[in-house]
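Q: I have a structure I would like to understand better, so I am pasting it below and will then ask my questions one at a time.
The values are calculated or read from the model by the stated rules, or taken from the named source; none is laboratory data. Owing to the predicted nature of the structure, the values given are computational and were not obtained by experimental measurement. Glycine gets a Cβ as well: all are built from the backbone with ideal geometry, and neighbour counts include every protein chain shown.
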Amino acid sequence: MIVPVYFCNVGKKAVHREAATAERQRGRVKVDAVALRRLREGYPLTVRELAERSGVSHNTITMIENRHRTANPSTVRKLAAALEVEPSAVMWKETE
């Protein structure tokens, strides 16, 4: 069986797609999408209003709330500041 290998450029080296994804994910934070949405709707704010208050694009907020992407730590800080909560209030907490 032939397994396809996908390559993309990260810097000046070509790396396997999974390695490239891991490289992009380094330093990213998982956001508790449900908590973020509840906090936003509790204000009440639309996604666009939160975007204006935080300086984070409405597309990024939508992608985070729909669990399509993680966030940079600076994005989490901006969202938390706009919602007047600590950053830990919107970060994913692992439960055992």
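Q: Given the residues M63, M91, which is the only one that is within 12 Å of A33 (Cβ to Cβ) and surrounded by fewer than 17 Cβ atoms within 10 Å (Cβ to Cβ)?
A: Just a single option satisfies the conditions, and that option is M63.
Q: Would you point out the residue of the range 31-60, among those that are among the β-branched types (V, I, T) and without any contact (Cβ under 8 Å) to a residue 60 or more places away in the chain, that is surrounded by the most Cβ atoms within 10 Å (Cβ to Cβ)?
A: Residue satisfying both the conditions and the ranking: V56.
Q: Within the range 16-37, is even one residue outside any loop (DSSP other than H, G, I, E, B), modelled with pLDDT of 95 or more and hydroxyl-bearing (S, T, Y)?
A: No, there is no match, as no residue in the range 16-37 is outside any loop (DSSP other than H, G, I, E, B), modelled with pLDDT of 95 or more and hydroxyl-bearing (S, T, Y).
Q: Give the number of residues within the range 28-73 that are touching a strand residue (DSSP E or B) at 6+ places or on another chain (Cβ under 8 Å), under 21 Å from E94 (Cα atoms) and not acidic (D, E).
A: 9
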